[in-house]
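The values are calculated or read from the model by the stated rules, or taken from the named source; none is laboratory data. The structure presented is a predicted model; accordingly, all values stated were derived computationally and were not measured. All Cβ positions, glycine included, derive from the backbone under ideal geometry; neighbour counts span all protein chains shown. In case anyone asks, the SASA skips ligands and DNA or RNA and just uses the protein heavy atoms, side chains included. Shrake-Rupley method; radii C 1.70, N 1.55, O 1.52, S 1.80 Å.
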Amino acid sequence: VGDASRGRGGTGLVTLLTDFGTADYFVAAMKGVILARDRGIVLVDVTHEIPPQDVRAAAFTLLATHAEFPRGTVHLVVVDPGVGSPRLAIAAEAGGRFFVGPDNGVLGWALQRAKGARVFRLDEERWLRSAPSATFHGRDLFAPVAAALAAGTPLERLGTPLSDPVLLEPPFAIAGEHGDWIGTILHVDRFGNCVTSITRDTLPPSARGPQPRLRLRVGEREIRTLRRYFAEETAGSDGGVFAIWGSAGFLELACFRASAAARLGVGPGERVVASSRP
Amino acid sequence: VGDASRGRGGTGLVTLLTDFGTADYFVAAMKGVILARDRGIVLVDVTHEIPPQDVRAAAFTLLATHAEFPRGTVHLVVVDPGVGSPRLAIAAEAGGRFFVGPDNGVLGWALQRAKGARVFRLDEERWLRSAPSATFHGRDLFAPVAAALAAGTPLERLGTPLSDPVLLEPPFAIAGEHGDWIGTILHVDRFGNCVTSITRDTLPPSARGPQPRLRLRVGEREIRTLRRYFAEETAGSDGGVFAIWGSAGFLELACFRASAAARLGVGPGERVVASSRP
Amino acid sequence: VGDASRGRGGTGLVTLLTDFGTADYFVAAMKGVILARDRGIVLVDVTHEIPPQDVRAAAFTLLATHAEFPRGTVHLVVVDPGVGSPRLAIAAEAGGRFFVGPDNGVLGWALQRAKGARVFRLDEERWLRSAPSATFHGRDLFAPVAAALAAGTPLERLGTPLSDPVLLEPPFAIAGEHGDWIGTILHVDRFGNCVTSITRDTLPPSARGPQPRLRLRVGEREIRTLRRYFAEETAGSDGGVFAIWGSAGFLELACFRASAAARLGVGPGERVVASSRP
C-alpha cells in the first residue's frame, strides 16, 4: 500500500468497540491481526465493556464518540449476537469516518446521524482468513477489513453496495404535529440518566434560549424543568426528574443522585415528546 | 505547529488518569479530541479506575508514575468533584514533565516532589470549545489543553501564572524535633498496605544501613521491624505489622497476607513519625 | 540505537500480559520505563486481568495471541509468584517473536508450540536498575529488557544461553498407542469451556473430514459429538457436552449455555484422549 492510497482511504487510526471484556485473549488477537497488516496503525480502545450482545448500548457509544476522532478514522465495532447466522457483514463511510461491523443496527445511529452514508456488504469469501473460526469474526473478518481500510484500501473494493442496512429507530427527534418533536430514549447510562434523541437543533426555538419554555412528555409524566447543572437549584416539582443537556449533545432526563429511569419507570426505546409550553 | 515548537513544548506523549471507568464513552471522547488535534500523539492510560472523586488516590498514582515517563510527557489528570463550581483549571511543568487538570490538589504531590514547579491558570474562555458541556471538562477543556502542550504549545501561552495552587499536605516527611521525621500515610492500596510519605533520603542515617534501627510511631502503635521482602522471616512482634520499602520509593506499613490498615485502624492522612531507636 | 540494529532485533512493538489489574500504578510504571527508553515503541495490552499468580492462565493467553502479532514483536509477560525467590528471569525467541518473563513456565507453551526456541537467562546484575525494589521486577527488570529488545538489542547480548527452562506439560497432543492422541485441558475459560491441547494436525485423519468419527475420553466420560457452532442441533447424548473447534485453534469441550467443566467435573491439567471411533 503506497502513500497515495493511504491518503485516499484512511489515516491509519482504528478504534475498537466490543462486548468482549478485557480479561480474555479476544481483543489482543484482533489487535495483533491489525498490526500484522500494518504496524503503523494507531489503535484506540473505545470500550470492551458493552453488556454482552447489547447492540443498542454499542450503537449509542459509537454515536457519542465517533465524531470526536479525526476524519479517516476507522471505527471497528463487534457486538454480534448473530455470529454464525446468515446476518451480513458491512463496512461504511459517513461524515469522513469509516465503520466496520455486523449488519445488525450497531453502526446505524452513527450512520444515520452523519447522513449521506455509503454502505457496502463485505465480500466475506475474500476477506475471511483461510482457516476462520465459526465464532470469532472479530478477528477473522472484521479486523482484517478494518486494517485494510486504515491502510488505504478504498471502501468500494471491500464488497458490493448495500442499500438497506439494518437500522434501529432514528437517533434524532422528528417533527410531529402542532410543533411537537418526537424522540425516543436512546440509552440509559449507569447512573440511570436517560439520554433522549432530542438535540438542540431539533427543538422549537422557544426552547433553546436562556429561559426555555420546554415541556417534555414521557408516558404519563411531564417534565418542565431544564437544569444547567446537575446540582442547580430549581423550583421544579416533577418528582425530582429534570432535563439537562448531556455531554453527548442530547437532552437527558436526570435526577440528582437518583435514577431517572427508575423514577420514571422507563427504558431505551421509550417515546419522548418535546414541545414548547405556553 | 512546527518541529521547533514541538521540541520546546513536548514529546507528543500524553498519559490519562481519571475516575471515569472504562465502560462509558468518556475516555474515548477525550482521546478522540487529542488525536483530532494531532494524530501523532501517543496516548497511555495510567488508570481510569480511581475511586469516584478520590483526589488523594489520583494524586498518589500520579506521584508514583509520572517520573517513569520521559521528559516532555504531558500528564492529563481528571478527577474533578468540583466540575461546574468556580474551581480553577491549571497546567504546570515540573521536573521536565507537564501536568493538566483541575486545581484541587490532584496534581499537587507530583508538583511538590519534583520541586520548582511552574503553574498556570488556564484561560478557559480561550480553550473551552465552542459548545462545551457543563459537565465534561475532561473532553472540552483539559484534553484540548493537553493536546496543545503535546503538540508543542509553550506552557506560558496557556494562561496566566498562578502562585497559590491548591495543595494537599506535603508528600514527603519533614524534620521534627529530636531528629524525628514526621510523615503521613499518603495512600492505602487494595491490599491494605499503607504507603507513607517517608523516603530513604528523609530518614536518619542510622535507619538506612543494612541493619537499620528504625522506630515508627503511628497513633498508639510502634513498629520496629523492617523487612526486605513480604515473606521474610523476622522476629518482630508488632502484631504482624512491619515496615517495608515499597516499589514507589516510600516506606510502607504492611502485614503478610492481611491488611495493615485494618490491623492498625488507620487510613490516609494519618501521621507517622520515624526515628532511630537506641 | 540506529536503524540497523533496530532491524535486527525488533519492530518496536511490545505487548504486555500481567496479573497486575488496571487500577493500580504498576502497568503504567512499566510503560513509562519502556517509553523512556524509546518513545517510538508501540505498546499493546494483552490483558492485565490474569487471576493473581495463575501461571497457566497467562501461558494459555500468550499461546492464543502471540502468533497474531507481527514478527519481531516482544511479548512481555509478568505473572510471577516467585518474585524475590531465586527463580531465574529469561528472554527468548521463537517463531520470529521475542518473549521476556520469569522462568516459571509462563512462556513455555508459546515457546514449545513455535519450536526451535532460543532461551537466555537474563544477566540481572546488568539489567536491574540501580535502586530496584524487591517486589517489582516487572518495572525494574523485565520492562527494561523488553524495551532493549524492541529497540534492537540482540537477544544473545541479554544474558547466557539456558538449556533447561521451566516448562509446563506440552501444549499439544502426543501420539499414544493404537492411534490415540493424548492431550490435556490447557485452560478453562470464563464460560466453563475446556480448551484442550488437541489441534487439527494432531488428530487422526478420519477425525478431520466433514463427517468426523471422533471419540474423546475425559476421565470416565466419552464425547462423540462434534459441533460446528455452539447452537448447532446435534443428536448427541453426551450429557449436553460436545466438542467444538475453538477460535484459538484447539478442540474445546463445551456445553450450550452451561459450563462443560462443571458438567464433566474437570479442570486444567486433566487428560483428554482422542481416537477415531469405528
Of all residues in region A:246-262, how many are in contact (Cβ under 8 Å) with a residue 24 or more places away in the chain and surrounded by fewer than 18 Cβ atoms within 10 Å (Cβ to Cβ)? 5
Test result for C:GLY96, among the small types (Gly, Ala, Ser), under 12 Å from the mean Cα position of the chain (by Cα) and at positive phi: no
For region A:268-275, state whether one or more residues are part of a strand (DSSP E or B), at pLDDT below 90, more than 12 Å from chain B (Cβ to nearest Cβ) and in contact with a Phe, Trp or Tyr (Cβ under 8 Å, 6 or more places away or on another chain). yes
Would you confirm, using the coordinates I've provided, whether B:ALA23 is touching a Gly at 6+ places or on another chain (Cβ under 6 Å) and modelled with pLDDT under 95? no
Across region B:37-49, the tally of residues that are facing chain A (nearest Cβ under 9 Å) and at pLDDT 95 or above stands at 3
Kindly establish whether A:THR11 is modelled with pLDDT under 95 and hydroxyl-bearing (Ser, Thr, Tyr). yes
Region A:65-83, subset open to solvent by 40 Å² or more (accessible area, probe 1.4 Å) and assigned to a loop (DSSP other than H, G, I, E, B), residue farthest from the other protein chains (Cβ to nearest Cβ): A:PRO81
Would you confirm whether or not region A:233-242 contains a residue that is at pLDDT 90 or above, over 19 Å from the mean Cα position of the chain (by Cα) and either away from chain B (no Cβ under 11 Å) or buried (at least 16 other Cβ atoms within 10 Å of the Cβ) (or both)? yes
Which one of the conditions (1) farther than 28 Å from C:ILE50 by Cβ; (2) surrounded by 18 or more Cβ atoms within 10 Å (Cβ to Cβ); (3) out of contact with any Lys or Arg (no Cβ under 6 Å at 6 or more places or on another chain); (4) at pLDDT 90 or above does C:ARG157 fail to meet, given that it meets all the rest? (2)
Subset tally (residues that are in contact with a Pro (Cβ under 7 Å, 6 or more places away or on another chain) and more than 21 Å from B:PRO70 (Cβ to Cβ)) for region B:25-43: 2
Of everything in region C:13-33 that's more than 9 Å from every other protein chain (Cβ to nearest Cβ) and open to solvent by less than 10 Å² (accessible area, probe 1.4 Å), which residue is farthest from C:LYS115 (Cα to Cα)? C:THR18
Test A:PRO102 against the stated conditions and say whether it is surrounded by fewer than 21 Cβ atoms within 10 Å (Cβ to Cβ), without any contact (Cβ under 8 Å) to a residue 60 or more places away in the chain and not basic (Lys, Arg). no
Does C:ALA114 satisfy being at pLDDT 95 or above and either under 26 Å from A:ALA143 (Cα atoms) or buried (at least 21 other Cβ atoms within 10 Å of the Cβ) (or both)? no
From A:PRO86, A:PRO52, grab the single residue that is part of a loop (DSSP other than H, G, I, E, B), within 13 Å of chain B (Cβ to nearest Cβ) and open to solvent by 40 Å² or more (accessible area, probe 1.4 Å). A:PRO52
For region A:182-191, which positions are touching a strand residue (DSSP E or B) at 6+ places or on another chain (Cβ under 7 Å) and at pLDDT below 90? A:ASP189
B:PHE142 vs. criteria touching a residue at least 40 places away in the same chain (Cβ under 8 Å), within 14 Å of chain C (Cβ to nearest Cβ) and not β-branched (Val, Ile, Thr): no
